[in-house]
Amino acid sequence: MARPFEAAEPGTPSHPDLQIAAREAIQGKRRGIQALFPFLGPAFIAAVAYIDPGNFATNIQAGAHFGYTLLWVIVMANLMAMLLQSMSAKLGIATGRNLAEMCRDRLPKPVCYFFWATQEVAAMATDLAEFLGAAIGLNLLFGISMFEAALVTGALVFVILAWQGTGFRQLEAFIGAMVGTIAVCYVIETVLAQPDWGQVLFHSVVPSLPGNDAVLLAVGIIGATVMPHVIYLHSGLTQNRIIPQSEEEKRRIFGFEKVDVVIAMGIAGLVNMAMLFMAAKVFHFTGHADIADITTAYQTLVPLLGGTAALVFGISLLASGISSSYVGTMAGQVVMQGFINFHIPVWLRRTLTMVPALTAIIIGLDPTQTLVVSQVVLSFALPIPVITLIMFTRDRRIMGSLANRPLTNLLGSACALAILLLNVVLLFETFGGKLPVIG
């Protein structure tokens, strides 16, 4: 058993009982949900990052300002997430290495140090969003100051990190429970808000960018949904988790992991859509389109939908912030150790990553706007893991029988191109360019 705050690292073999159950499933001795159960977990840990407080900020702003019109961005981002996370899981299964380790093994050292630096910046932006989100949740629910809420958030994450020493499977169950809590909260919000389902369906498939400000939010949604750090983390969660003994077993394991990805990312996508269409129905179409921050959204829900809606909203935000902050810390360990083969105690990383959030609170930055900007930073960091992931998973010498098929390579390249184009458009707009309104 790991000591407190020296928790089991991603990539270590799973508990022997889980290994036995998984092997029975691979050999066909287990069927249905019993066969799938040993493989569930990694994608749910990754999925927490797809419904973190950054998503709350961008989705609420998008729904309040533009109604249902940016739902298609969430759908597109979620499909990208399913593809990229499945490729990341596949890399860990096929090679026994995570994405950062593969970069260290196969790329020049200066390139690895540059990549590590960019991804550490992304990790700081991620943790800023997650930490602020949890603090906002505590502030809204219990009325304590943001600084006190931030300290409580840090203490809670330390408790979770210590608990990881009891075993990684318990943490997978905890994170899965947090995903379930957030999902249930948004089922309740949806029932209370009663969105226009015809408009939800239409705007989920018909692209529209109604104004220049929509581009910033679209890029923010991509950055908040497709997360760089969990692309690295997911490969770390599947490397050696279930140890394959042949190419056929690798294919069987990946088949189970794809189901894990579809379920977990599907839930995350539906939650993100619910965030946006709830904000659209409750704020945009009731004369509150100027709602621009999470706190105002919480306060406005009380007169519009009642105290239950506000309470559920606060609970979901707190669950999101606490769980995703933990996942971000774990991902940071994978990135540092993978790229530069350097390890620091997880408690020290947690302490250091608290500093930007505490600084933002002390100097009085607007929390929601800080969250949105952090998601845009993530979008700019995203091309590196996406491009390197495609580069490695398409190589049969590395992946063996799990090498990407041509269609997978095409779709992955399209994801990378879409991210790059959105970033170019954002830079163009930032420096004074004006975009035509689409839709």
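What FRET efficiency do you get for residue 418 and residue 111 if R0 is 25 Å and r is their Cβ-Cβ distance, rounded to the nearest 0.05? Write down the numbers at each step before the final one.
Details: r = 24 Å, r/R0 = 0.96.
Between residue 418 and residue 111 the formula returns 0.55.
With a bin width of 20 angstrom, please list the P(r) values of the chain as percents of all Cα-Cα pairs, from the 0 bin to the one holding the largest distance.
Bins of 20 Å from zero give 27, 59, 14, 0 percent of pairs.
Please arrange 144, 322, 363, 390 by how many other C-beta atoms lie within 10 Å of their C-beta, fewest to most.
Numbers: 144 15, 322 23, 363 7, 390 20.
The most exposed by this proxy come first: 363, 144, 390, 322.
What list do you get for 213, 127 if you sort them by fewest beta carbons within 10 Å? If you can, show how the numbers build up before the last one.
Values: 213 14, 127 28.
The most exposed by this proxy come first: 213, 127.
Under 14 Å Cα-Cα from residue 90, which aspartates and glutamates qualify once same-chain neighbours fewer than 8 residues away are excluded?
Qualifying aspartates and glutamates at Cα under 14 Å: 247, 248, 249, 257, 260, 395.
Mind putting a number on the dipole of the chain about its Cα centre? Charges go on the C-beta only, +1 for Lys and Arg and -1 for Asp and Glu, and I need it in Debye to the nearest 20.
On the way: 24 positive and 25 negative charges, 288 e Å.
I would put it at about 1380 debye.
Determine by what factor the alpha-carbon radius of gyration of region 170-238 differs from 2.2 N^0.38 Å, reporting the quotient. It would help to have the intermediate numbers written out before the result.
Values: Rg = 16.6 Å, N = 69, 2.2 N^0.38 = 11.0 Å.
Normalised Cα radius of gyration, region 170-238: 1.51.
In region 16-430, with Lys and Arg counted as +1 and Asp and Glu as -1 at Cβ, which of these residues, 22, 389, 200, has the Cα nearest the positive end of the dipole, that is, farthest along it?
22
Mind jotting down the distance between the C-alpha centroids of region 53-67 and region 207-286, whole Å?
When both Cα centres are located, 17 Å separates them.
Taking amide H positions as placed in the peptide plane 1.01 Å from N, state which residues far from residue 209 in sequence (5 or more) or on other chains have amide H under 5 Å from it.
It is 438, 439, by chain and number.
Which one, 46, 261, 71, projects farthest toward the positive side of the charge dipole computed for the chain from Cβ point charges (K/R +1, D/E -1)?
261
Check cross-link reach from residue 281 to the aspartates and glutamates: straight Cα distance under 13 Å, and skip same-chain residues fewer than eight apart.
Partners within reach: 189, 196.
Ranked by Cβ crowding within 10 angstrom, fewest neighbours first, how are 232, 50 ordered? Present the calculation step by step, with values, prior to reporting the outcome.
Working: 232 30, 50 26.
Neighbour counts put them in this order, fewest first: 50, 232.
With a 10 Å cut-off between alpha carbons and a GNM built on the chain, which of 307, 236, 269 moves the most?
The residue with the greatest mean-square fluctuation here is 307.
For residue 359 and residue 259 in the same chain, what is the full-extension length gain: residue separation times 0.36 nm, less their Cα-Cα distance, in nm? Spell out each step's value before the answer.
Working: separation 100, 0.36 × 100 = 36.00 nm, distance 4.08 nm.
Difference between extended and current length: 31.9 nm.
Are there any helices in the chain, counted as whole DSSP H runs, that stretch 30 Å or more along their axis by Cα and score at least 1.0 on average by Kyte-Doolittle, and if so which? Show your work: numbers first, answer last.
On the way: long enough: 71-95 (36 Å, 1.47); 109-142 (48 Å, 0.96); 168-193 (37 Å, 1.41); 247-282 (51 Å, 0.67); 307-340 (49 Å, 1.24); 406-430 (36 Å, 1.72).
Helix filter hits for the chain: 71-95, 168-193, 307-340, 406-430.
Readers should treat all values here as calculations from the given coordinates under stated rules, not as data from a laboratory. Just so we're clear, the structure is a prediction, and the values are computed from it rather than from any experiment. Cβ coordinates were reconstructed from backbone atoms using ideal geometry, including for glycine residues, and neighbour counts include every protein chain displayed.
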